[in-house]
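Chemist: Below is the structure I would like to discuss, written out as C-alpha coordinates.
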Amino acid sequence: MTITMNKYEKKIIMAISGRVDTTTAPELEAKLDDVCDIDELIFDFAEVEYISSAGLRVLLKAQKLMAKVGSMKLINVGNEVKEIFDITGFMDILTVE
(Lines give C-alpha, C1' and ligand atoms only; values in the text may rest on other atoms or scores of the structure.)
Protein backbone atom coordinates (compact mmCIF):
# COMPACT_ATOMS: atom_id res chain seq x y z
CA MET A 1 0.00 0.00 0.00
CA THR A 2 1.15 3.51 -0.74
CA ILE A 3 -0.37 6.71 0.61
CA THR A 4 0.00 10.10 -1.03
CA MET A 5 -1.17 12.91 1.20
CA ASN A 6 -1.87 16.41 -0.12
CA LYS A 7 -2.97 19.28 2.12
CA TYR A 8 -4.90 22.28 0.82
CA GLU A 9 -5.50 24.78 3.63
CA LYS A 10 -7.96 22.90 5.86
CA LYS A 11 -8.51 19.93 3.55
CA ILE A 12 -6.44 16.76 3.13
CA ILE A 13 -6.73 14.33 0.25
CA MET A 14 -5.22 10.89 0.88
CA ALA A 15 -4.75 8.89 -2.30
CA ILE A 16 -4.31 5.24 -1.40
CA SER A 17 -3.19 2.44 -3.68
CA GLY A 18 -2.97 -1.29 -3.09
CA ARG A 19 -4.56 -3.31 -0.32
CA VAL A 20 -5.76 -1.94 3.01
CA ASP A 21 -5.53 -5.03 5.19
CA THR A 22 -4.17 -6.27 8.51
CA THR A 23 -0.60 -5.63 7.40
CA THR A 24 -1.09 -2.13 5.97
CA ALA A 25 -3.94 -0.68 8.07
CA PRO A 26 -1.57 0.38 10.91
CA GLU A 27 0.33 2.56 8.43
CA LEU A 28 -2.90 4.29 7.41
CA GLU A 29 -3.89 4.71 11.04
CA ALA A 30 -0.50 6.30 11.79
CA LYS A 31 -1.07 8.81 8.97
CA LEU A 32 -4.40 9.73 10.54
CA ASP A 33 -2.68 10.40 13.85
CA ASP A 34 -0.61 13.06 12.03
CA VAL A 35 -3.72 14.79 10.68
CA CYS A 36 -4.68 17.88 12.61
CA ASP A 37 -6.24 21.30 12.07
CA ILE A 38 -8.41 20.28 9.11
CA ASP A 39 -12.13 20.31 8.49
CA GLU A 40 -12.30 18.03 5.45
CA LEU A 41 -10.70 14.64 4.86
CA ILE A 42 -11.01 12.94 1.48
CA PHE A 43 -9.84 9.41 0.76
CA ASP A 44 -9.21 8.75 -2.93
CA PHE A 45 -9.75 5.01 -3.37
CA ALA A 46 -9.19 4.89 -7.16
CA GLU A 47 -6.27 2.49 -6.73
CA VAL A 48 -7.54 0.48 -3.73
CA GLU A 49 -8.09 -3.12 -4.75
CA TYR A 50 -9.18 -4.58 -1.39
CA ILE A 51 -10.06 -3.51 2.14
CA SER A 52 -10.24 -5.87 5.13
CA SER A 53 -11.94 -5.48 8.50
CA ALA A 54 -8.74 -3.86 9.82
CA GLY A 55 -9.00 -1.22 7.10
CA LEU A 56 -12.69 -0.71 7.83
CA ARG A 57 -11.84 -0.13 11.48
CA VAL A 58 -9.40 2.64 10.50
CA LEU A 59 -12.04 4.28 8.29
CA LEU A 60 -14.56 4.12 11.13
CA LYS A 61 -12.05 5.76 13.47
CA ALA A 62 -11.41 8.50 10.90
CA GLN A 63 -15.16 9.02 10.41
CA LYS A 64 -15.71 9.42 14.15
CA LEU A 65 -12.80 11.86 14.41
CA MET A 66 -13.91 13.96 11.45
CA ALA A 67 -17.57 14.02 12.56
CA LYS A 68 -16.42 16.15 15.50
CA VAL A 69 -14.51 18.74 13.44
CA GLY A 70 -15.77 18.58 9.85
CA SER A 71 -16.46 16.01 7.18
CA MET A 72 -14.98 12.95 5.54
CA LYS A 73 -15.74 11.28 2.23
CA LEU A 74 -14.39 8.59 -0.06
CA ILE A 75 -14.11 9.18 -3.79
CA ASN A 76 -13.36 6.96 -6.79
CA VAL A 77 -14.31 3.78 -4.94
CA GLY A 78 -14.22 0.70 -7.18
CA ASN A 79 -17.03 -1.83 -7.42
CA GLU A 80 -15.23 -4.55 -5.42
CA VAL A 81 -14.60 -2.21 -2.49
CA LYS A 82 -18.14 -0.82 -2.75
CA GLU A 83 -19.43 -4.37 -2.48
CA ILE A 84 -17.45 -4.81 0.76
CA PHE A 85 -18.94 -1.55 2.06
CA ASP A 86 -22.44 -2.78 1.11
CA ILE A 87 -22.03 -6.16 2.80
CA THR A 88 -20.65 -4.65 6.01
CA GLY A 89 -23.14 -1.77 6.16
CA PHE A 90 -20.42 0.84 5.74
CA MET A 91 -22.29 2.44 2.81
CA ASP A 92 -24.75 3.68 5.45
CA ILE A 93 -21.97 5.03 7.68
CA LEU A 94 -19.57 6.60 5.16
CA THR A 95 -20.04 9.23 2.50
CA VAL A 96 -19.04 7.56 -0.76
CA GLU A 97 -19.05 9.53 -3.99
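The values are calculated or read from the model by the stated rules, or taken from the named source; none is laboratory data. Computed from a predicted structure; not experimentally measured. For neighbour counting, all protein chains shown are included, and Cβ atoms are generated from backbone atoms with ideal geometry for every residue, glycine included. The accessibility values were calculated without ligands, DNA or RNA, using every heavy atom of the protein model including side chains. Shrake-Rupley method; radii C 1.70, N 1.55, O 1.52, S 1.80 Å.
Chemist: Going by the alpha-carbon gyration tensor, a ≥ b ≥ c the square roots of its eigenvalues, is region 40-97 rounded (a/c under 1.5) or, if a/c is not under 1.5, prolate (a/b greater than b/c) versus oblate? Before the final figure, lay out the partial values.
Modeler: On the way: a/c = 1.80, a/b = 1.43, b/c = 1.25.
Prolate.
Chemist: Can you show me the helix-derived [θ] at 222 nm for the chain, built from DSSP H runs with n ≥ 4 at -39,500 (n - 2.57) apiece and divided by the number of residues, rounded to the nearest 500. Walk me through the numbers before you get to the answer.
Modeler: Working: 3 runs with 36 residues, N = 97.
So the helix-based figure for the chain works out to -11500 deg cm²/dmol.
Chemist: Now for a separate question. Working with all protein chains in place, sort Ser52, Ser71 by solvent-accessible area computed with a 1.4 Å probe, largest first.
Modeler: Values: Ser52 15, Ser71 55 Å².
Highest to lowest solvent-accessible surface, that is Ser71, Ser52.
Chemist: Within the chain, which whole H helices from DSSP have a Cα span along their axis of at least 30 Å and a mean Kyte-Doolittle hydropathy of 0.0 or more, if any? Don't skip to the end; give the middle numbers.
Modeler: Details: long enough: none.
Taking the DSSP H segments of the chain (at least 30 Å long, mean hydropathy at least 0.0), we get none.
Chemist: Leaving out ligands, DNA and RNA, what percent of the accessible area of the chain is carbon and sulfur, probe 1.4 Å? All intermediate terms of the calculation are to be shown ahead of the outcome.
Modeler: On the way: 2600 of 5410 Å².
Exposed carbon and sulfur together represent 48 percent of the surface.
Chemist: Another one. Before I look further, what does region 1-79 give for accessible area per residue, probe 1.4 Å, in whole square angstrom?
Modeler: Working: 4200 Å² over 79 residues.
Computed with neighbouring chains in place, this is 53 Å² per residue.
Chemist: Explain nothing, just the number: dipole magnitude of the chain about its Cα centre with +1 on each Lys and Arg Cβ and -1 on each Asp and Glu Cβ, in debye rounded to the nearest 20. List each step's numbers first, then the result.
Modeler: Details: 11 positive and 17 negative charges, 54 e Å.
With only Lys, Arg, Asp and Glu charged at Cβ, the dipole is about 260 debye.
Chemist: Counting only residues 5 or more places away or on other chains, whose amide H sits under 5 Å from the amide H of Phe43 once H atoms are built in the peptide plane?
Modeler: Met14, Lys73, Leu74, Ile75
Chemist: Can I ask one more? When only Cα pairs under 8 Å and 6 or more residues apart are kept, what is the percent relative contact order across the chain? Spell out each step's value before the answer.
Modeler: Values: 160 pairs, mean separation 25.9, N = 97.
Normalised by residue count, the contact order of the chain is 27 percent.
Chemist: Over 19 Å between C-alpha atoms is what I'm after, so list which of Lys11/Lys82; Lys11/Lys64; Lys10/Lys73; Lys10/Lys82 land there. If you can, show how the numbers build up before the last one.
Modeler: Working: Lys11/Lys82 24 Å; Lys11/Lys64 17 Å; Lys10/Lys73 14 Å; Lys10/Lys82 27 Å.
Pairs exceeding 19 Å: Lys11/Lys82; Lys10/Lys82.
Chemist: Residue separation times 0.36 nm, minus the C-alpha to C-alpha distance between Lys73 and Glu97: what's the value?
Modeler: Working: separation 24, 0.36 × 24 = 8.64 nm, distance 0.73 nm.
Net length gain for the segment: 7.9 nm.
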